[in-house]
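See below for the structure under consideration.
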Amino acid sequence: MTTEIANRDFRRPGRGRGLLDVPKHTFLLRLLVDKELQVRYRGSILGILWSYVKPGVQFIVFYLALGVFLDLNKGLENYAVYLFSGIVLINYFGEAFGNGARCFVGNGDLIKKIYLPRELFSVSTIGVGLIHFAPQLLVLLIADFVVGWHPNLMQLACAVVGMCILTAFAYGLGLIFGVANVFFRDSENLVDLLVMVLTWVSPIMYAWERVADKAPEWLLHLYLANPITVSVELFHYAFWYPTLEYEWHVPPHLLSMWTPLAVVIALVTVVVGDLLFRKFEGNFAQEL
Amino acid sequence: MSWLDNDPELSKPMPPYVPSTEPVVIKIDNLVKRFVLRHTRSMKEAFVWLLKGRKGDLSEKFNALDGVSLDIHEGERVALLGLNGSGKSTLLKLISGVMHGDQGEILARGRIAGLIEVGAGFHPDLTGRDNVYLNGAILGMTKSEIDENFDSIVEFSEIEQFIDTEVKFYSSGMYLRLAFAVAVHTDPEIFLVDEILAVGDEPFQKKCIKKIKELSQRGKTLIVVSHDLDMVKRLCERGVVLENGKIVEDGDIRDAVSHLRPDG
Ligand SMILES: Nc1ncnc2c1ncn2[C@@H]1O[C@H](COP(=O)(O)OP(=O)(O)OP(=O)(O)O)[C@@H](O)[C@H]1O
Ligand SMILES: [Mg+2]
């Protein structure tokens, strides 16, 4: 009983095509994102609503403690908005990167027993990150409208670019650390540390001019070469600058030089992550 | 003796083995799988090892599969036999794509569904229902196909009552029931079954074997790993015996069984 199988091509089992597999598996991807959220909010009454409550409270605390009590508004007008537009980004980055780094180990039960294009796990962490990012963005926009926000199209486009850079960077780093984590569980501890350091070496809590005032030029260049600094500045340019009464300047050459460089760095991270992933994917099942 | 003897279908003797002339669906060529008997799992040790100029091996290695070559043809029912640790599960994992080999090559065509040991790709924190969807999607079903087959899957597994319970609370038999039910409903062209039938109770084993027979009658290819030699003798016409990662016997199931059971 011969079927049409004789006419089909041979495949090598377990060899995915990386990101190219994603469009073919949108249903599976959706299930993986659902699964992630379900596992995260298991046994919780508010469930996903938590992702609205947390940034809301965070913003109010910043506004009162830093803006009103510490009076940081004097230095930077609308400091709470300034701070929050950076915080939402680093929250998103930390979550996407951290979950990316943990995703292969966390899905060990699936990886050991059945083949699916495993890069879907990484992609699904970005999906989860975006779902949690949306409420924070909403809080940011509400704050923006309260203080008076007049963005132009260019500034909105910058926000989108900043988001894309950060997504690619988090995805790439998540892959690299995720692969490493399968072999050395130290890697996931390193992630939290790295996110903390990255939070302080980008202009989230303070303005970039502080670095420019103190640091030699080469250090400032290094500072601006950090894709997170670039994304954060693009977000400031989009969500904070249009609320100001006075003129403010983004770091020199932000759009002409540092943004393209950040795009390149983020893409290189993705390529390196993808190469590492392809090289080691075949050993995941036996190491987990 | 066992229920196998009372079943009119299964008590019939297997016809003598004739090498198949059907198209090849799995082509395995000189496959080697090397495992590391790892001593270390921390960066510290690896770092020290690097500092010392990578002297000595960080870890011992051995070949779980050592040059396996095997062609499996469409519609064949192959039993993969061997003592504990001979490499049977490893071979199935390589065929299903869960792991990659270190040397040699595997080529396959057709949809493969594998039940690799107990717990074939379920997420412990999800309910049975969610796992049916996840597992079905992994095995290549679309949402509407799963929707359509959902009731029939649950009915086959006979665990309606527990379908909304997280699977980490399932007994191993319940796990098997659900995994088997999903796998057969994906209509695989190649079906890999490792051991798992052993944890099913007798009525369910019967049901599985009937289903497996049915799949094979529809021309599906079957690779079964089992230590139940009486059972595989009635289910498979071809037997492959592995010993320390090498094939030592490949042919009629009766020869394969007597290789493992020289006195009986
Ligand atoms: N992830 C792993 N890491 C290291 N060694 C492994 C791993 N998986 C299997 N092995 C080794 O490979 C060898 C073959 O294992 P395998 O599971 O294929 O045996 P098997 O034939 O299925 O045995 P059984 O009849 O007990 O199921 C064993 O010696 C086992 O210890
Ligand atoms: Mg085994």
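Would you mind checking the tilt of helix A:50-61 against the longest principal axis of the Cα atoms of chain A, expressed as 0 to 90 degrees and rounded to 10?
It works out to around 20 degrees.
On alpha carbon coordinates alone, what is the Rg over Rh value for region A:204-288, Rh being the Kirkwood radius? Please report the intermediate quantities before stating the final value.
Values: Rg = 17.8 Å, Rh = 15.2 Å.
On the Cα set of region A:204-288, Rg over Rh gives 1.17.
Suppose R0 equals 51 Å; then what is the FRET efficiency for A:Met205 and B:Asp125 from their Cβ-Cβ distance, rounded to the nearest 0.05? Please report the intermediate quantities before stating the final value.
Details: r = 36 Å, r/R0 = 0.71.
E(calc), rounded to 0.05, equals 0.90.
Tell me, what is the percent relative contact order of region B:113-215, built from C-alpha pairs under 8 Å that lie six or more residues apart?
Numbers: 122 pairs, mean separation 41.4, N = 103.
Dividing the mean separation by the residue count of region B:113-215 yields 40 percent.
With a bin width of 10 angstrom, please list the P(r) values of the protein assembly as shown as percents of all Cα-Cα pairs, from the 0 bin to the one holding the largest distance.
3, 16, 23, 21, 15, 11, 7, 3, 1, 0
Over 29 Å between C-alpha atoms is what I'm after, so list which of A:Lys24/B:Lys233; B:Lys143/B:Lys207; A:Lys113/B:Lys210; A:Lys113/B:Lys61 land there.
Values: A:Lys24/B:Lys233 41 Å; B:Lys143/B:Lys207 26 Å; A:Lys113/B:Lys210 24 Å; A:Lys113/B:Lys61 23 Å.
Those over the limit are A:Lys24/B:Lys233.
Quick check: net charge around B:Lys33, other residues with Cβ under 10 Å of its Cβ, Lys/Arg +1 and Asp/Glu -1? Mind dumping the intermediate values first?
Working: positive: B:Arg34, B:Lys93; negative: B:Asp66, B:Asp102.
In short, 0.
Of A:Val271, A:His25, A:Ile60, which is farthest along the charge dipole of region A:17-287 in the positive direction, counting Lys and Arg as +1 and Asp and Glu as -1 at C-beta?
A:His25
Using alpha carbons only, how many degrees (0 to 90, rounded to 10) separate the axis of helix A:119-147 from the longest principal axis of chain A?
Once rounded, the angle reads 20 degrees.
Under a point-charge model restricted to the Cβ atoms of Lys and Arg (+1) and Asp and Glu (-1), what is the dipole moment magnitude of chain A relative to its Cα centre, in debye to the nearest 20?
Charge dipole of chain A: 1220 debye, to the nearest 20.
In region B:135-198, if every C-alpha pair distance is counted and binned at 10 Å from zero, what percent goes to each bin?
Spelled out bin by bin, region B:135-198 gives 21, 54, 25, 0 percent.
Based only on other Cβ atoms within 10 Å, what is the fewest-to-most ordering of A:Val272, A:Val182? List each step's numbers first, then the result.
Values: A:Val272 14, A:Val182 20.
By the 10 Å Cβ count, ascending: A:Val272, A:Val182.
Explain nothing, just the number: relative contact order of chain A, from Cα pairs under 8 Å at least 6 residues apart, as a whole percent.
Numbers: 323 pairs, mean separation 76.5, N = 288.
So the answer I get is 27 percent.
What shape does region B:165-212 have by the C-alpha gyration tensor, where a ≥ b ≥ c are the square roots of the eigenvalues, rounded means a/c under 1.5, and otherwise prolate means a/b greater than b/c and oblate the rest?
Oblate shape, in that a/c is at least 1.5 and b/c is the bigger or equal ratio.
To the nearest 20 debye, what is the magnitude of the charge dipole of the protein assembly as shown about its Cα centre, counting +1 on the Cβ of each Lys and Arg and -1 on the Cβ of each Asp and Glu?
On the way: 54 positive and 65 negative charges, 179 e Å.
Its charge dipole is roughly 860 debye.
Could you run the Karplus curve 6.51 cos²θ - 1.76 cosθ + 1.60 with θ = phi - 60° over region B:151-162 and give me ³J(HN,Hα) per residue in whole Hz, x for Gly and Pro?
4, 5, 5, 5, 4, 4, 6, 6, 10, 2, 4, 10
Quick check on region B:86-191: what are the equivalent-ellipsoid semi-axes from the Cα gyration tensor, as sqrt(5λ), descending, whole Å?
Details: eigenvalues 132, 51, 23 Å².
With the √(5λ) rule applied to region B:86-191, the semi-axes are 26, 16, 11 Å.
Could you tell me which residue out of B:Val78, B:Ile159, B:Phe180 lies farthest along the dipole of region B:62-183 toward its positive end? Charges go on the beta carbon: Lys and Arg +1, Asp and Glu -1, centred on the Cα centre.
Checking the options against the dipole of region B:62-183, the answer is B:Val78.
Using θ = phi - 60° and the Karplus curve 6.51 cos²θ - 1.76 cosθ + 1.60, what whole-Hz ³J(HN,Hα) does each residue of region A:243-259 get, with Gly and Pro shown as x?
Per residue, the Karplus-derived 3J(HN,Hα) values read 9, 8, 8, 10, 6, 9, 10, 5, x, x, 6, 4, 7, 7, 10, 6, 5 Hz.
Just how large is the dipole of chain B about the Cα centre, in debye to the nearest 20, putting +1 at every Lys and Arg Cβ and -1 at every Asp and Glu Cβ? Show your work: numbers first, answer last.
Details: 33 positive and 42 negative charges, 218 e Å.
Result for chain B is approximately 1040 debye, rounded to the nearest 20.
What does the helix-only formula give at 222 nm for chain B: each DSSP H stretch with n ≥ 4 adding -39500 (n - 2.57), the total divided by the residues, and the result rounded to the nearest 500 deg cm²/dmol? Display every interim value, and only then the final one.
Details: 9 runs with 93 residues, N = 264.
Rounded to the nearest 500, it is -10500 deg cm²/dmol.
What is the distance, in nm, between label points placed 7 Å from the Cα along the Cα-to-Cβ direction at B:Arg254 and at A:Asn152?
Modelled inter-label distance: 9.0 nm.
Can you sort A:Ile48, A:Ile114 by how many other beta carbons sit within 10 Å, fewest first? Could the numbers behind the result be given before it?
Values: A:Ile48 14, A:Ile114 26.
If I rank by nearby Cβ atoms, fewest first, I get A:Ile48, A:Ile114.
Sort B:Asp151, B:Asp255 so that the residue with the fewest other Cβ atoms within 10 Å of its own Cβ comes first and the one with the most comes last. Could the numbers behind the result be given before it?
Numbers: B:Asp151 10, B:Asp255 14.
Ascending number of Cβ neighbours within 10 Å: B:Asp151, B:Asp255.
Considering the convex hull of the alpha carbon atoms of region B:61-144, report its projected area averaged over all viewing directions, in nm², one decimal.
Numbers: hull surface 30.7 nm².
Here the figure is 7.7 nm², rounded to one decimal.
In whole percent, what relative contact order does chain B give with Cα contacts below 8 Å and a gap of six or more residues?
27
Hey, got a sec? Which trypsin sites (Lys or Arg not before Pro) in region B:149-228 land in a DSSP loop and have at most 16 other Cβ atoms within 10 Å? Intermediate values should be presented prior to the final figure.
On the way: sites: B:Lys168, B:Arg177, B:Lys206, B:Lys207, B:Lys210, B:Lys211, B:Lys213, B:Arg218, B:Lys220; in loops: B:Arg218, B:Lys220.
Loop-located and lightly packed - B:Arg218.
Nearest 500 deg cm²/dmol is fine: what mean residue ellipticity at 222 nm does chain A get from its DSSP H runs of n ≥ 4 alone, each adding -39,500 (n - 2.57), divided by its residue count? Kindly include the intermediate steps, with their values, before the conclusion.
On the way: 12 runs with 187 residues, N = 288.
Result for chain A: -21500 deg cm²/dmol, rounded to the nearest 500.
Tell me, what is a quarter of the convex hull surface for the C-alpha atoms of chain A, in nm² with one decimal?
On the way: hull surface 77.3 nm².
Orientation-averaged projected area of the Cα hull: 19.3 nm².
Under the classification rounded if a/c is under 1.5, otherwise prolate if a/b is larger than b/c and oblate if not, where does region B:162-264 fall, given a ≥ b ≥ c as square roots of the Cα gyration tensor eigenvalues? It would help to have the intermediate numbers written out before the result.
Values: a/c = 2.21, a/b = 1.72, b/c = 1.28.
It comes out prolate by the Cα gyration axes.
Give me a comma-separated list of calculated 3J(HN,Hα) values for region A:163-174, in order, Karplus coefficients 6.51, -1.76, 1.60 applied at θ = phi - 60°, integers in Hz, x for any Gly or Pro.
Per-residue couplings from phi come out as 4, 5, 4, 5, 4, 5, 5, 5, 5, x, 5, x Hz.
Would you list the P(r) distribution for region B:110-162, with all Cα-Cα distances sorted into 5 Å bins from 0 and each bin expressed as a whole %?
In whole percents, the pair-distance histogram is 4, 19, 27, 31, 16, 3, 0.
Hey, any idea what Rg/Rh is for region A:1-49, computing Rh the Kirkwood way over Cα pairs?
On the way: Rg = 18.6 Å, Rh = 14.5 Å.
Using only Cα positions, Rg/Rh for region A:1-49 is 1.28.
Taking amide H positions as placed in the peptide plane 1.01 Å from N, state which residues far from B:Lys220 in sequence (5 or more) or on other chains have amide H under 5 Å from it.
Residues meeting the criterion, in which the H sits 1.01 Å from N, do not exist here.
Using only the alpha-carbon atoms of chain B, report the extent along each of the three principal axes, biggest first, to the nearest angstrom.
Here the Cα extents, ordered largest to smallest, are 65, 47, 36 Å.
Which order, highest average first, do A:107-113, A:90-96, B:143-149, B:60-66 follow once you tally other Cβ atoms within 10 Å for each residue and take the mean per peptide? Numbers along the way, then the final one.
Details: A:107-113: 20.9, A:90-96: 22.7, B:143-149: 15.0, B:60-66: 17.3.
Result, highest mean Cβ count within 10 Å first: A:90-96, A:107-113, B:60-66, B:143-149.
Read the figures in this text as sums done on the coordinates, not as results from a lab. What you are looking at is a predicted structure, and each value in this text was computed from that prediction instead of being measured. Glycine gets a Cβ as well: all are built from the backbone with ideal geometry, and neighbour counts include every protein chain shown.
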